[in-house]
Every structure is written in structure tokens, then in C-alpha cells.
1. Name the residues in region A:339-354 that are in a helix (DSSP H, G or I) and buried (at least 21 other Cβ atoms within 10 Å of the Cβ), would you?
2. Report those helices (runs of 4 or more DSSP H) wholly inside region A:357-472 carrying at least 2 residues which are closer than 19 Å to A:V289 by Cα.
3. One residue is enough: does region A:417-426 have a residue meeting the conditions among the hydrophobic types (A, V, I, L, M, F, W, C), surrounded by 24 or more Cβ atoms within 10 Å (Cβ to Cβ), at the interface with chain B (Cβ under 9 Å from one of its Cβ atoms) and on the phi < 0 side of the Ramachandran plot?
4. Filter region A:282-322 down to the residues that are closer than 30 Å to A:E94 by Cβ, within 9 Å of another protein chain (Cβ to nearest Cβ), touching a residue at least 24 places away in the same chain (Cβ under 8 Å) and among the hydroxyl-bearing types (S, T, Y) and list them by number.
5. Residues of region A:70-84 being part of a loop (DSSP other than H, G, I, E, B) and either open to solvent by 10 Å² or more (accessible area, probe 1.4 Å) or out of contact with any Leu (no Cβ under 7 Å at 6 or more places or on another chain) (or both), which ones?
6. Quick check on my filter: what residues within region B:10-19 are within 7 Å of chain A (Cβ to nearest Cβ) and open to solvent by 40 Å² or more (accessible area, probe 1.4 Å)?
7. Let me confirm something: among B:I22, B:I51, B:I29, B:I39, which residue is open to solvent by less than 80 Å² (accessible area, probe 1.4 Å) and touching a His at 6+ places or on another chain (Cβ under 8 Å)?
Amino acid sequence: MNIDNMSAIEIAEKVRAGKLLAVDVTEHYLKRCQRLNNRLNAIISLSEQAMIEAEKIDNGKKENLALAGVPVLLKDMFCTQNLKTTAASKILKEFVPPYSSTVTEKLQSAGAIVLGKCNQDEFAMGSSNETSFFGPAKNPWNLEYVTGGSSGGSAAAVAARLAPLSIGTDTGGSIRQPASFCGVFGIKPTYGRISRYGIIAFASSFDQAGPLSLRVKDSSLCLEVLCGKDEKDSTSISQPVPRFSNAQFKNNLKVGRIKSFFNNQVNKSILNKANEAMDLLKSNGAQIVDIDIDHLEVAVDTYYLIAMSEASSNLSRYDGVRYGYRADFSRNQPKNLEDFYSRTRSEGFGEEVKRRIALGTYSLSSGYYEAYYLQAAKVRRLIRNSFLRAFENVDVLVSPVTTDTAFRIGEKTENPLEMYYNDSFTTCVNLAGLPAASVPIGFDNKGLPMGLQLIANDFQEEVILSTAQKNRGPLQVL
Amino acid sequence: MDIQKIAKLSRLQFNESEQEKIKGQLEKIITAFDRIKNIPTEKVEPLITPIEIENTLRPDIHGEDINTDKYIELAPESVGRLYKVPRVIS
């Protein structure tokens with residue numbers, strides 16, 4: 001039996017039927033992680049409890065466990081009781097949470113085995129995994145290239161088959177962009193579908209968890225496990241959770257092509273493959289129309305202003321008093337309370353995080369609040385309204401995920417603004433709160449993977465999943 | 001942009017060369033973002049959270065207790081059940 005080639009669904013079926021032991025699967029993947037991670041740097045910590053958890057699955061009742069014995073890697077934003085959770089930051093580098101996130105608990109109750117925690121950009125702030133305190137994760141298709149970010153480790157790990165399934169978070173594209181750079185499937189469901197309880201907060205009105213996998217169906221199954229109202233997160237939504245893994249391709253599917261995203265700034269190979277993907281949908285009975293969404297040219301600006309503002313508030317909790325890093329004051333006593341806080345924070349946060357806290361503070365400060373934060377929140381409504389109007393006429397919107405494939409490590413670190421504009425096609429979706437995915441569609445002439453973005457209306461994840469499933473075959477390379 | 005004021009409000013410290021660098025970067029970013037000011041937004045309500053959510057209420061009953069010792073253990077320094085910090089007033 002070749003465990004590497006098994007889908008999460010197959011593993012769970014075989015473990016439930018007693019044809020495969022969770023301990024064997026777990027041991028196999030743990031060894032693979034240990035063997036390959038020094039080259040990929042996709043994982044920050046491996047769990048010492050994984051084998052014990054697997055044994056419990058093997059020895060317990062498993063008929064109703066949707067993910068029985070399925071190894072899963074979590075981005076280091078998800079609190080895991082008794083397992084280090086760092087957000088890839090110096091300020092949390094030794095933090096062991098006293099509780100688990102709802103996502104962690106739901107996965108474990110469904111029989112999944114948490115193998116360990118994935119590398120990422122610090123506090124999920126970045127688009128290349130290069131802001132991590134633990135150094136960049138490497139793209140498995142070419143180790144000199146970035147994985148994308150911020151869920152870079154989660155994407156690289158699935159691409160390199162360190163686990164059949166991983167979990168990321170998407171605030172402005174942080175699941176879709178690395179999924180596209182690493183050639184895997186990744187979906188961010190509708191805002192509120194998955195509880196944010198126990199996920200380290202970056203920008204609360206955007207943050208949303210989601211799965212990454214080689215196969216669309218494995219992510220569908222994972223969504224069934226993760227979605228649903230959680231009393232511990234009052235922004236989670238009490239919508240019924242469909243059987244995502246049964247989603248059927250819609251007859252006479254209406255596809256909207258976001259016109260302004262198919263422009264001459266985009267790598268030609270991506271445009272060609274995206275057009276091929278749409279031809280494939282057409283041959284399956286889909287209708288394709290061009291769609292304009294208002295104000296997309298300022299989506300990145302709008303997104304960053306709001307996200308940075310929310311981040312500056314969320315990250316005020318790191319003060320060196322109750323948990324996390326504290327600067328060494330033994331030889332140099334603090335001058336006052338403010339000096340105590342700010343010395344710890346300046347040493348504990350990396351450059352990009354400090355830039356965002358400072359800019360968020362600026363946009364919320366007296367005299368600038370109306371021009372920046374409030375104006376951005378108004379533009380946000382205009383963008384969401386425009387998307388909702390589009391969905392009166394189409395079922396799904398299609399665009400590239402990024403203007404280009406992965407770039408070289410170090411190529412863009414000196415220019416933060418250029419890095420932000422990497423997120424040109426993804427941030428608009430988070431502004432609107434909509435579900436969206438990146439589907440692998442092939443490789444460019446450098447051998448680097450490319451992705452297609454599928455966006456649906458609120459709670460219409462099934463349309464994305466079934467359309468992505470249809471895109472397999474000629475276009476699905478993995 | 002008054003970088004010293006922003007640093008103070010953000011509870012961050014920058015030395016002189018860092019100040020120069022971050023001021024340049026922040027000004028460049030905020031100048032680029034200034035474009036959003038050109039979008040007409042009169043009578044538009046700000047969107048604070050994307051999906052309409054209802055106010056969530058629950059009965060006021062005693063829930064799970066937090067184990068204080070477990071949380072105190074996470075502190076950089078503590079004495080018994082108290083957080084310990086260096087002297088901050090002279």
C-alpha cells in the first residue's frame with residue numbers, strides 16, 4: 001500500500017474499516033516530515049503527541065470519524081493545547097497555549113492526527129513567508145523560490161506530501177496565493193463559516209480559516225468538519241453546513257470573467273491557462289460573460305488600511321506582562337511603564353509587523369481616522385455591493401490568483417509596497433467576505449505552478465468545489 | 001508624518017536610523033493609499049464586518065472555570081498567583 005498516494009478520504013475509509021492503522025499512517029508522515037523539512041522549512045514544530053493520538057484512534061470507536069487517522073498540519077496561528085504556537089514571531093516563540101482553537105478541537109474530534117505546526121509569515125503578515133522569525137519556507141518546485149504567503153508552510157507541506165491535508169488562514173489571500181504558488185488546492189470559505197476561536201488574531205473582520213490539499217474532495221470533506229456556528233465566536237454563522245463532498249457540477253453554470261484582472265500585467269502563461277480552463281467549462285455547458293466589479297483598482301489600498309488598523313488594535317495585547325517574550329530589563333531598568341511595553345514590543349516584533357502596527361495606528365489616529373479608516377470602510381461596502389450585484393447574474397467569478405508565478409527568495413523584501421500589490425486579485429474577496437479558492441491549472445515555462453481563482457456568493461462554497469472538481473482532467477497536473 | 005508621535009501611540013521604539021527608514025516607507029505607502037480619497041462615498045454607510053451578524057446573547061450561567069495557575073505559568077515572571085514586572089515608577 002502506497003500511503004503517499006492516498007487521499008485523505010481514502011485514508012479515513014481504510015482506517016475506519018480497520019484495513020489501515022492510524023499509527024502506520026502517522027509514523028509514515030512523521031518520518032517524511034523529519035526527512036524533508038530541513039530542506040523545505042515548512043514546519044516549525046512537530047507534535048510529540050501524534051503517535052499517542054493515533055494509537056487512541058486505532059483502539060477506539062472510529063465508525064463515525066470523518067477524518068479517522070488523517071494526518072494534518074496546522075498553520076502556527078491555531079492554538080494547540082500543549083503544543084507550541086508561535087505565529088512565527090519572536091514575541092511568541094516559546095508560547096504553549098493552555099487551550100486549543102475550535103478548529104484544532106473539531107479536527108481532533110473527527111479523528112484527524114495533528115502532526116505539527118506550519119511555517120508562515122509573522123502574524124500572517126506577508127505574501128511570501130519571508131517575514132517568519134524562523135526564516136522562509138521554500139517552494140518544493142524550486143527551493144530558491146518563495147512559497148507565497150502567509151500560509152506558505154501549509155501550502156509547501158501539502159505540495160511536498162508532508163501531509164495529505166493542511167489548514168491555513170486567509171486574511172487577504174493567505175490561503176489562495178501560496179496554494180497557487182505551490183500548485184495545490186486551497187479554499188477560504190465565507191467569512192464566519194469557520195470559528196475564529198483560538199486563532200491568533202490579525203485582522204478580525206477578514207481572518208478566516210480554510211483547508212489546503214492536493215485533491216479538491218479532501219478539502220470538501222475537511223470543510224464539512226470545520227464549518228458551523230461556535231458559541232465561542234459570536235461572528236461565526238449559523239448557516240446549515242451542506243455535504244460539500246457531494247457537491248455536483250451545476251448544469252448551465254454561469255461564469256463571470258472579472259475583466260479588469262485579465263490585463264497585460266499578468267504573466268501570459270497564466271492568461272492562456274485560465275482561458276483554457278474556461279474553454280473546458282464551456283465544453284461542459286457553462287456560459288462565460290465578462291463582469292466589471294467597481295473600485296477594484298483600490299481594493300489593495302482599502303484592504304491594507306483596514307487590515308492594518310485592526311492589526312494595530314489586536315496586537316496591543318503583546319505587552320510582555322502575562323505571556324510571550326519580555327525584553328531583558330535586568331541591567332537596564334525601564335524608565336516608565338511606556339518604556340517597559342515598547343522595549344519588549346520593539347524587540348519582539350519583526351519589521352513588517354511593526355510597519356503595519358505603526359500605519360494602522362496612524363490611520364486610526366485623531367485627524368486621520370475619517371480620511372483613512374472610515375473612508376476605507378465605506379469603499380469596502382461599495383466593493384461588496386458591486387460583487388453582490390454581479391452574483392445576481394452569475395454563479396461563479398473567475399480570475400487569475402496572482403499576476404505572476406512565485407518569485408525568488410529575497411527579490412521583493414526591500415520594497416513593502418510592491419509586496420502588498422502582489423495581493424491585487426485576492427484582497428477584494430476578503431473585503432466582501434466571499435468564499436474563494438485557488439485551483440491548480442498547470443506550470444509556466446520556469447516550471448512553477450499557476451492557479452485560477454474561483455469566487456462565489458455568500459455560502460455558495462459548493463459551486464466553487466464542484467467547478468474546481470470539473471477543472472481536473474486535462475488541467476489538473478498533480 | 002510625525003513618526004515619533006506614531007511610535008509613542010503604537011508603543012514601539014525606533015532608533016534614529018530606523019526612524020529615518022520607517023518614516024520613508026510609511027510615507028510612500030500612505031501616499032499610494034491616498035487614492036481611496038478620490039472615491040465618492042457620500043451617504044455610504046461604512047462596512048465594519050462583511051456578513052450581517054445578529055447580536056448574540058446567552059443565558060448568564062456559570063461556565064467553564066479557568067485554571068489560574070495554568071495561565072500564571074505562562075508569564076515571563078510571577079510570584080505566587082501574581083504577575084511580576086520590573087519597577088516602573090521611581
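1. Just the residues of region A:339-354 that are in a helix (DSSP H, G or I), to begin with: A:339-348, A:351-354.
Within region A:339-354, A:F340, A:Y341, A:S342, A:R343, A:T344, A:R345, A:G348, A:V353, A:K354 meet the criteria.
2. Values: elements: A:375-390, A:416-420, A:427-432, A:461-470.
Counting at least 2 such residues, we get A:375-390, A:461-470.
3. Narrowing region A:417-426 to residues among the hydrophobic types (A, V, I, L, M, F, W, C): A:417, A:419, A:425.
Checking the rest, the ones that are also surrounded by 24 or more Cβ atoms within 10 Å (Cβ to Cβ) come to A:425.
From the residues that got through so far, the ones that are at the interface with chain B (Cβ under 9 Å from one of its Cβ atoms) too are none.
No; the residues of region A:417-426 include none that is among the hydrophobic types (A, V, I, L, M, F, W, C), surrounded by 24 or more Cβ atoms within 10 Å (Cβ to Cβ), at the interface with chain B (Cβ under 9 Å from one of its Cβ atoms) and on the phi < 0 side of the Ramachandran plot.
4. A:S312
5. Step one: filter region A:70-84 for residues part of a loop (DSSP other than H, G, I, E, B), giving A:70, A:76-77, A:79, A:81-82, A:84.
Correct list: A:D76, A:M77, A:C79, A:Q81, A:N82, A:K84.
6. Let us first name the residues in region B:10-19 that are within 7 Å of chain A (Cβ to nearest Cβ), namely B:10-13.
Of everything in region B:10-19, those that are within 7 Å of chain A (Cβ to nearest Cβ) and open to solvent by 40 Å² or more (accessible area, probe 1.4 Å) turn out to be B:R11, B:Q13.
7. On the way: B:I22 fails: touching a His at 6+ places or on another chain (Cβ under 8 Å); B:I51 fails: touching a His at 6+ places or on another chain (Cβ under 8 Å); B:I29 fails: touching a His at 6+ places or on another chain (Cβ under 8 Å).
Among B:I22, B:I51, B:I29, B:I39, only B:I39 is open to solvent by less than 80 Å² (accessible area, probe 1.4 Å) and touching a His at 6+ places or on another chain (Cβ under 8 Å).
Okay, residues lined up against (1) surrounded by fewer than 17 Cβ atoms within 10 Å (Cβ to Cβ); (2) touching a helix residue (DSSP H, G or I) at 6+ places or on another chain (Cβ under 9 Å); (3) among the polar types (S, T, N, Q):
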residue	(1), (2), (3)
A:L223	no, yes, no
A:E231	yes, no, no
A:S236	no, yes, yes
A:K268	yes, no, no
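The values are calculated or read from the model by the stated rules, or taken from the named source; none is laboratory data. Computed from a prediction, not measured in an experiment: that's the story for all the values here. Note: ideal-geometry Cβ built from the backbone for every residue, glycine included; neighbour counts use all protein chains shown. Ligands, DNA and RNA are excluded from the accessible area calculation, which covers all protein heavy atoms including side chains. Shrake-Rupley method; radii C 1.70, N 1.55, O 1.52, S 1.80 Å.
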